[in-house]
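FYI, it's all coordinate maths here, none of it is from the lab. Predicted model, so just to flag it, every value in this text is computed and none were measured. Glycine also receives a Cβ, built like all others from the backbone with ideal geometry; neighbour counts cover every protein chain displayed.
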Amino acid sequence: MTWTCDSCGQPIYNIQDGWVEWLTRMGPNGESLYSHSMRLVHHMPSSPQRGGCQYDGHRTYAVSKDLNSDLDLEFFASPDGLTDLLQKLSDNEFHNQEELIEMIKRLHLPNYEEARLYLTEAVAQGVFEPNSKPGYPHQGQLLAVRRWTGI
Ligand SMILES: [Zn+2]
């Protein structure tokens, strides 16, 4: 299984090289208001690109006073990680729930990460006929897209 980095657009080949991060908007009294901008990015401590794809915490704080949070992909791809993501959903932690739902789909629905960037084009090309809300395809449709792209 490979994932696509939201920062550089290149594949993340090993689960140990992935990192899930997001930002938290802080209120005037230092209270957290909501989270946003969740991403899956490279985290390769042993590579020369070390940290190159991750949020620069000092910079995001300087620009917006947002705090960044992160945990490894291996955790979020596990059942306990799914529980944590579902808890964030239950707590309405994210300003836009869809970005949290998208991460849950990417990490826990088979074939979704491989096919998701091609869904719109696949529908336009008639690879499958959508019968659900856009972004919520079933497994047969995801497999059809993977066959079509060869990925
Ligand atoms: Zn990257």
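In which sequence would 65, 88, 133 go, from the one with the fewest C-beta neighbours within 10 Å to the one with the most? Don't skip to the end; give the middle numbers.
Values: 65 13, 88 17, 133 7.
Taking fewest neighbouring Cβ atoms as first place, the list is 133, 65, 88.
Counting only aspartates and glutamates at least 8 places from residue 65 when in the same chain, those with an alpha carbon closer than 20 Å to its own are 21, 31, 56, 93. Give the calculated FRET efficiency between residue 102 and residue 65 to the nearest 0.05, with a Förster radius of 22 Å applied to their Cβ-Cβ distance. Approximately 0.30, to the nearest 0.05. Full extension of the chain between residue 138 and residue 14 gives 42.1 nm of extra length, using 0.36 nm per residue less the Cα-Cα distance.
Put in line by how crowded their Cβ is, counting other Cβ atoms within 10 Å and starting with the fewest, 12, 104 read 104, 12. Here the label points at residue 32 and residue 72, each 7 Å from Cα along the C-beta direction, are separated by 2.1 nm in the simple model.
Among 63, 123, 20, the ranking by other beta carbons within 10 Å of each residue's beta carbon, starting with the fewest, stands as 63, 123, 20.
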